Amino acid sequence: GHAIAEGTRTRYCINAAALTVNRIPRPVASADVPPSLAHVLGRRELLTARFAMGCYWHVQDLFSKVPGVLSTTAGFVNGAEAVELRYDPHVVSYEELVELFFASHDPSTFRAAGEKGPGGKYRCEIYALDGQQRATAETVRARVNQAAGCAVATPVLSADAPFQPAPEAEQHYYL
């Protein structure tokens with residue numbers, strides 16, 4: 001997490017992603033790719049995914065450690081702090097990303113509503129960019145719902161609203 005000084009008091013921003021210990025190695029930086037492989041990677045079709053799960057710094061850090069996720073950008077969707085990531089579907093599937101998303105936060109009503117109440121900027125949401133992503137996210141959501149034994153409140157939404165990147169100073173806080 002991180003601390004925010006407010007006069008004589010300190011406020012702490014901690015979410016489930018900040019408390020999760022992940023032993024996933026960081027992906028190879030593009031600058032470290034040998035020229036012989038650069039042309040192959042350049043031809044691969046990368047896909048995009050968007051998730052909101054509290055403070056975007058933690059979400060960005062979590063997904064940046066996943067092999068196959070080649071870039072993450074912190075930003076906003078409909079006022080929620082969110083992360084847009086570009087990933088190689090030959091290395092990591094959208095289903096695996098959604099599973100990590102659900103495993104890294106509490107999908108209860110409180111977390112889905114957000115720290116500052118319904119519509120708060122720290123709410124948890126999945127933004128499906130197409131019908132296939134929506135179907136996959138809904139399938140994973142149903143599995144989590146069944147395994148949890150209670151209703152999962154985290155919604156799967158259509159990504160109708162544009163993704164607005166946060167300022168450069170807000171990117172990759174933990175790197």
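The values are calculated or read from the model by the stated rules, or taken from the named source; none is laboratory data. The structure displayed is predicted, hence computed values, not measured ones. Heads up, the Cβs are rebuilt from the backbone with ideal geometry, glycines too, and the neighbour counts pull from every protein chain shown. Note: accessible area is taken over every heavy atom of the protein model, side chains too, but ligands, DNA and RNA are not part of it. Shrake-Rupley method; radii C 1.70, N 1.55, O 1.52, S 1.80 Å.
The set of residues from the stretch 149-163 being surrounded by 13 or more Cβ atoms within 10 Å (Cβ to Cβ) and touching a strand residue (DSSP E or B) at 6+ places or on another chain (Cβ under 9 Å) comprises Ala153, Thr154, Pro155, Val156, Leu157, Ala159, Ala161, Phe163.
Note on the stretch 132-148: residues that are modelled with pLDDT under 90 and open to solvent by 70 Å² or more (accessible area, probe 1.4 Å) amount to 2.
For the stretch 38-131, which helices (runs of 4 or more DSSP H) that fit wholly inside it have 1 or more residues that are small (Gly, Ala, Ser), closer than 17 Å to Val144 by Cα and at pLDDT below 85?
Details: elements: 56-64, 94-103, 109-113.
Qualifying helices (runs of 4 or more DSSP H): 109-113.
Applying the criterion of being open to solvent by 30 Å² or more (accessible area, probe 1.4 Å) and under 16 Å from Pro165 (Cα atoms) to the residues of the stretch 62-81, the residue that is nearest to the chain's Cα centre (by Cα) is Thr73.
So, in the stretch 155-169, exactly how many residues are touching a helix residue (DSSP H, G or I) at 6+ places or on another chain (Cβ under 8 Å) and either closer than 13 Å to Gln60 by Cβ or part of a loop (DSSP other than H, G, I, E, B) (or both)? Talk me through it step by step, then tell me what you get.
Taking the stretch 155-169 first, the residues touching a helix residue (DSSP H, G or I) at 6+ places or on another chain (Cβ under 8 Å) are 155-156, 158, 166.
Remaining after also requiring either closer than 13 Å to Gln60 by Cβ or part of a loop (DSSP other than H, G, I, E, B) (or both): 155, 166.
Selection size over the stretch 155-169: 2.
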